[in-house]
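Worksheet: one structure, shown below.
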Amino acid sequence: MSLALQDNVTAPAGPQRISTFKLLLQSRLASIGLVILLLLVAIVLLAPLLPLVHPDQTAPANRLIRPFVTAAHWLGTDQLGRDLLSRLVWGSRVSIAVGFAATLVAALIGSVIGLVSGYAGGRTDNLMMRGIDMLMAFPYILLALAIVAALGPGLMNALYAIAIVNIPFFARNVRGVTLGLAHREFVDAARLSGKGHLSILWSEVLPNVAPVIVITMSTTAGWMILETAGLSFLGLGAQPPQADLGSMLGEGRAQLFTAPHVAIVPGLMIFVIVISLNLLGDGVRDALDPGLKSGALSRPGPVTRIDRTKPAPPNSQPEAILSIEQLETGFSNGNSTTPAVRGVSLHLDRGECLGLIGESGSGKSVTALSIMGLVASPPGVITGGAIYLDGEDVLSMPETRLISLRGSKVAYIFQDPLTTLHPTYTIGQQVAEAIAAHQSLGRRELRERAIALLEQVRIPDAAARADHYPHQLSGGQRQRVGIAMALANDPDVIIADEPTTALDVTVQAEILSLLKQLQTERRMALLFITHDFGVVAQICDRVAVMKDGEIVETGQTRTVLTRPHHPYTKRLIACVPEIGDGDRFLPRVEKLMASQTKEAAQ
Amino acid sequence: MTETLPQTLAHTPGTRRRAAAATPHALRLEHVSKTFGGGKRLFGRKHHAVEALKDVSLALTKGETLAVVGESGSGKSTLARILVGLERPSAGTIEIAGQDAEALTRQGPRAFGKTVQYVFQDPVASLNPRKTIREALEAPLKLLCGYDPEKRKARLGELMDAVDMPASTLSRYPHELSGGQAQRMAIARALAAEAEILVLDEPVSALDVSVQAQVLLLLERLKHQLNLSYLFISHDLAVVEAIADRVAVMHFGEVVELERAKTLFASPVHPYTEKLIGSAPRLNGGAGAVRM
């Protein structure tokens, strides 16, 4: 079609999505919960059709028959001779209906309050949330009791009471999520598409909040059934002779010692309903909110898992301070491993700056993190190759030795200093901590060293600045702190992963010149990862171009820039607009892309 | 699609028509200021006020690309949000396609959306994660243009052609698209409203360089095909030089320099402009880094 189609090539052939329901069935416990619940619901729905005696039919002659004694009263009878099986089925019907109805009412009212409050913000939000706070300020069951006391005992009033006391759960949860969504760009975009507030709430915000509502419902439904039973147990819910699990339990209490089955049968039923709901609720939460999934929360190990099938390749660059040989790193999902780095070989001489350049998804960051085993495992796994640091294979080292080399021999500088610095410690403390990780010094000495480092990275008035928190610094100064921490233990190698991408151009220029100067002064080796050839041109001696997990070209920066060989390198260089290109830039790119598309087509 | 390409090539930026000055303004701002905060607290103390825009006057001529450059915190994004009606100025007047912005606001969001559209910096964040691309694109077609389902279907096809994407993309969800693809969809949504003025807020800064170049080419082609006017916000001067007719440099909420792109890059007047141009990285290595 046209030249711009190139970035479509990697897209999957067709959308493949796993439905939430399938995901839910993958969890065995959730499936069990679902099956039990469906079975129970089917039984109570079919209650009028089942061959059961009337639940309220008394027969004083047959009172307190034990279960499994007569076929006519399979679960026995209670103190009035009523059939327990029939009462159990009809009682569960009432309890489940009231519990679910209360959940729905609470979810509806609570979600509306939460949505409006979170979306409107300001005074409306304040007013509504203070109302919710007042509801929450009362002890939970006491409030329900007070409501029933005011309205009078009865099943419907119990339902209202339970729904009201549960509204805050929904309102709070939904408001929190809505608040985050209300200022998202897609909500602004919907406004610009001509949507009104109601339409935005209904069609843009609600679909994103719905999982939270469903999760809250599934985790509170069991609780609400329990509360219905509780109120009935106290005689405030179902009124005699109506059967309800709570009232059955209450009536059985008097015979607990002479005929325990009268209380145990409804008690077990409550247990089964609540446990099945909770199992299902957990499953629903896992399926709808993958972030909370038990597996994903497992902490990554201290070192990337190393699973080399082939022997480590020999070191072809014994002179180099860092030499990567045929490194292969992938991400395992279940049984298969998706490779991210496929046989990368690189070396870094002492005092040299090597640029590793590539676009997002090319594997450059994974390569950098693999060097010190920092790729999170699971899912990361190093499947082959060797990394020689000063002649010693990092991947064969014991874990403790590898960890001790982090920061002392090889240090990292990351892209966003705001996320790598701890928000509640002063920058002085954080630099001191970086020193203390490898050197045991007194407190005063640590502080002096920290200030000296901050001075070296040219933070003005370092002694005073050391007591500031990260948010009090500008982006450029935070990155200087990041550099100071990397320098703390005089490492031989510094790996900088897009250290200037998040910064403004003027600040970027300053940080680059600082890095260059520090690197020459201290004769450190610098591995500089970036996607910008303009930055490479300024700071790197050599450059390696990475694409789809492989190095496609390496060479002296000047040579690669002036005579690139690989078409991908040519494209990367040509696509960097430069000041002075002006309106010649776009026609040039257009011509290049057209010719490359033609080549690819042939 | 293929037949339109030669035309595009003929319209290289160098041969652009010069008579633009005679045509009326697409956007005109006069003495626009915006202050955030500053209201009174419950107990009479004043909130800390931030002046995001200070007395900004600008005009975007029809068919022109006016770039607004500046660093983070210079007020560029506030300016963009005011122009599309997402924020209201504290002072000053704005004219959009000859109409007063206040009058447009009173007519409701639809009137605004018909005249000016916005392309966000982060394309993935500007698309609702739970809606398909089709649903996202249908909203403006239905609400702003009032098309019936049949016409909407035809327009969807045209829009996908315009941004060089296969029609199958319509059934995708935003997370299934790459950054470049998502930005094309965001551009398609802005085009769907059939507004002739686009405010582009850093439309290429979140993209890889080669994708960035493709999106810039696309924007340039669309501008000529559909006769659009762009207000192009960016912090990348090299990109700006490649695409803009005129450039406004912003610094702490003020426009410090407003000049034709060629003149500005050849002989910057304001010291801040000079510093910005000096700091931009260059392939030949002789960059601002040395000039500190």
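The values are calculated or read from the model by the stated rules, or taken from the named source; none is laboratory data. This one's a predicted model, so the numbers in the text were calculated from it and none came from an experiment. Here Cβ is always computed from backbone atoms with ideal geometry, including for glycine, and neighbour counts include all displayed protein chains. Heads up: the accessible areas ignore ligands, DNA and RNA and are worked out on the full protein's heavy atoms, side chains in. Shrake-Rupley method; radii C 1.70, N 1.55, O 1.52, S 1.80 Å.
When you look at A:Glu599, is it assigned to a loop (DSSP other than H, G, I, E, B), among the charged types (D, E, K, R) and either in contact with a helix residue (DSSP H, G or I) (Cβ under 8 Å, 6 or more places away or on another chain) or touching a residue at least 60 places away in the same chain (Cβ under 8 Å) (or both), yes or no? In short, no.
For (1) part of a helix (DSSP H, G or I); (2) open to solvent by less than 20 Å² (accessible area, probe 1.4 Å), each residue gets a yes or a no:
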| position | (1), (2) |
| --- | --- |
| B:Gly73 | no, no |
| B:Arg81 | yes, no |
| B:Arg106 | yes, no |
| B:Ser126 | no, yes |
| B:Glu150 | yes, no |
| B:Arg155 | yes, no |
| B:Glu158 | yes, no |
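If you check A:Gly351, A:Gly373 for being under 31 Å from the mean Cα position of the chain (by Cα), assigned to a loop (DSSP other than H, G, I, E, B) and closer than 29 Å to A:Gln517 by Cα, only one passes: A:Gly373. Sub-7 Å Cβ pairs linking a first residue in the stretch B:145-158 that is over 14 Å from B:Met185 (Cα atoms) to a second residue that is surrounded by 12 or more Cβ atoms within 10 Å (Cβ to Cβ) and among the basic types (Lys, Arg), at least 6 apart or interchain, are B:Tyr147/B:Arg155; B:Arg152/B:Lys142, ordered by first then second residue. State all residues of the stretch B:128-144 that are surrounded by fewer than 21 Cβ atoms within 10 Å (Cβ to Cβ) and in contact (Cβ under 8 Å) with a residue 40 or more places away in the chain; if no residue qualifies, say none. B:Pro129, B:Arg130, B:Lys131, B:Thr132 - these are the residues of the stretch B:128-144 that are surrounded by fewer than 21 Cβ atoms within 10 Å (Cβ to Cβ) and in contact (Cβ under 8 Å) with a residue 40 or more places away in the chain.
The single residue among B:Leu83, B:Leu53 that is more than 28 Å from B:Met160 (Cα to Cα) and within 18 Å of the chain's Cα centre (by Cα) turns out to be B:Leu53. Within the stretch A:478-516, the residues that satisfy the criterion of being among the aliphatic types (A, V, I, L, M) and in a loop (DSSP other than H, G, I, E, B) are A:Ala488, A:Ala502, A:Leu503. Condition check for A:Gln519 on (1) part of a strand (DSSP E or B); (2) open to solvent by less than 10 Å² (accessible area, probe 1.4 Å); (3) polar (S, T, N, Q): one failure, at (1). Across the stretch A:449-488, the number of residues qualifying as within 14 Å of chain B (Cβ to nearest Cβ), open to solvent by 50 Å² or more (accessible area, probe 1.4 Å) and under 20 Å from A:Gln519 (Cβ atoms) comes to 1.
Screening A:Ser323 with (1) part of a loop (DSSP other than H, G, I, E, B); (2) open to solvent by less than 10 Å² (accessible area, probe 1.4 Å) gives one miss only, at (1). All of B:Gly108, B:Gly85, B:Gly73 fail the test of being out of contact with any strand residue (DSSP E or B) (no Cβ under 8 Å at 6 or more places or on another chain), within 13 Å of chain A (Cβ to nearest Cβ) and under 27 Å from A:Leu206 (Cα atoms), apart from B:Gly108. Count of the stretch A:182-199 residues, restricted to those that are surrounded by fewer than 22 Cβ atoms within 10 Å (Cβ to Cβ), part of a helix (DSSP H, G or I) and out of contact with any Asp or Glu (no Cβ under 8 Å at 6 or more places or on another chain), is 6.
One line per residue, one yes/no per condition, for (1) touching a Cys at 6+ places or on another chain (Cβ under 8 Å); (2) within 10 Å of chain A (Cβ to nearest Cβ); (3) over 29 Å from B:Gln99 (Cα atoms):
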| site | (1), (2), (3) |
| --- | --- |
| B:Cys145 | no, yes, no |
| B:Asp148 | no, no, no |
| B:Lys153 | no, no, yes |
| B:Thr169 | no, yes, yes |
| B:Ala190 | no, yes, no |
| B:Ala193 | yes, yes, no |
| B:Leu200 | no, no, no |
| B:Leu207 | no, yes, yes |
| B:Val215 | no, yes, yes |
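Would you call A:Val543 in contact with a helix residue (DSSP H, G or I) (Cβ under 9 Å, 6 or more places away or on another chain), modelled with pLDDT of 90 or more, within 26 Å of A:Arg350 (Cβ to Cβ) and not acidic (Asp, Glu)? Against the criterion (in contact with a helix residue (DSSP H, G or I) (Cβ under 9 Å, 6 or more places away or on another chain), modelled with pLDDT of 90 or more, within 26 Å of A:Arg350 (Cβ to Cβ) and not acidic (Asp, Glu)), A:Val543 qualifies.
The set of residues in the stretch B:245-279 that are under 19 Å from B:Ser77 (Cβ atoms), in contact (Cβ under 8 Å) with a residue 40 or more places away in the chain, open to solvent by less than 60 Å² (accessible area, probe 1.4 Å) and more than 9 Å from chain A (Cβ to nearest Cβ) comprises B:Val247, B:Ala248, B:Val249, B:Met250, B:His251, B:Gly253, B:Val255.
So for the stretch A:530-540 (the condition being within 12 Å of chain B (Cβ to nearest Cβ), touching a residue at least 40 places away in the same chain (Cβ under 8 Å), of a type in the set (S, T, N, Q) and under 19 Å from B:Leu283 (Cβ atoms)), does at least one residue qualify? Yes: the stretch A:530-540 contains one or more residues that are within 12 Å of chain B (Cβ to nearest Cβ), touching a residue at least 40 places away in the same chain (Cβ under 8 Å), of a type in the set (S, T, N, Q) and under 19 Å from B:Leu283 (Cβ atoms). Looking across the stretch B:160-182 at every residue that is closer than 18 Å to A:Val205 by Cα and assigned to a helix (DSSP H, G or I), the one that is most open to solvent (accessible area, probe 1.4 Å) is identified as B:His175.
Looking only at residues of the stretch A:545-556 that are touching a Lys or Arg at 6+ places or on another chain (Cβ under 9 Å) and buried (at least 21 other Cβ atoms within 10 Å of the Cβ), we find that the one that is nearest to the other protein chains (Cβ to nearest Cβ) is A:Met546. Looking for whichever is farther than 17 Å from A:Ile273 by Cβ and hydrophobic (A, V, I, L, M, F, W, C) here; the options are A:Leu64, A:Leu34. Which one fits? Just a single option satisfies the conditions, and that option is A:Leu64.
Evaluating A:Ala101 against the criteria (1) closer than 28 Å to A:Gly246 by Cβ; (2) open to solvent by less than 70 Å² (accessible area, probe 1.4 Å); (3) touching a Ser or Thr at 6+ places or on another chain (Cβ under 8 Å) leaves one unmet condition, (3). Filtered by the rule that a residue be assigned to a helix (DSSP H, G or I) and either crowded, with 22+ Cβ neighbours inside 10 Å or free of Cβ contacts under 8 Å to residues at least 12 places away in the same chain (or both), the stretch A:234-251 gives A:Leu245, A:Gly246, A:Ser247, A:Met248, A:Leu249, A:Glu251. Which of the residues that make up the stretch A:141-191 are more than 17 Å from A:Ala107 (Cα to Cα), under 32 Å from the mean Cα position of the chain (by Cα) and away from chain B (no Cβ under 14 Å)? Passing the criteria: only A:Leu179. Enumerate the pairs (first residue in the stretch A:364-382 and among the aromatic types (Phe, Trp, Tyr); second residue anywhere and in a loop (DSSP other than H, G, I, E, B)) with beta-carbon separation below 8 Å, excluding pairs fewer than 6 apart on the same chain, so at least 6 apart or on different chains. Listed by first residue and then by second, the contacts come to nothing, as the list is empty.
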